[in-house]
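Following: one structure in structure tokens, then a few remarks.
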Amino acid sequence: MKREEYIDKLAAQLKEWSAKVDELESKALAARADMKTEYGKQIKQMKDKRDTAMQKLQELKGASTEAWDTLKAGSEAAWTELKNAVTAAKDKLIKPGAPGGGQGN
């Protein structure tokens, strides 16, 4: 995959995950009061990982050819962490029977 294609792919994935984080945050706000704190922590972790991924994407966009491979590896690690955080939170917040979960999906 060419550099620009790779960056475009990451940008599209980041946009999709950002929308998912926003959706999960809305569901967390509708949760029972005793669960909001736990969900709030998960949302914060996802946002922190999203911010890291955004930073890595910006670094990739400005990377020299020599730095590309190193930055690409770091970006892939950030992407994996964000993907795992979004998936775990989605499973916990949206699964049927979970407080505030199972709604709209």
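The values are calculated or read from the model by the stated rules, or taken from the named source; none is laboratory data. Predicted model, so just to flag it, every value in this text is computed and none were measured. When we count neighbours, we look across all protein chains shown, and the Cβ atoms used for this are built from the backbone with ideal geometry, even at glycine.
Worth a mention:
- Criterion violated by Ile43 - all others in (1) out of contact with any Asp or Glu (no Cβ under 6 Å at 6 or more places or on another chain); (2) touching a residue at least 40 places away in the same chain (Cβ under 8 Å) satisfied: (1)
- The conditions of being within 18 Å of the chain's Cα centre (by Cα) and loosely packed, with under 12 Cβ neighbours inside 10 Å are met by Asp91.
- Yes/no for Asp48 being charged (D, E, K, R) and modelled with pLDDT under 80: no
- Matching residues in region 7-37 - criterion: being of a type in the set (D, E, K, R) and surrounded by 14 or more Cβ atoms within 10 Å (Cβ to Cβ): Lys20, Glu23, Glu25, Lys27, Lys36
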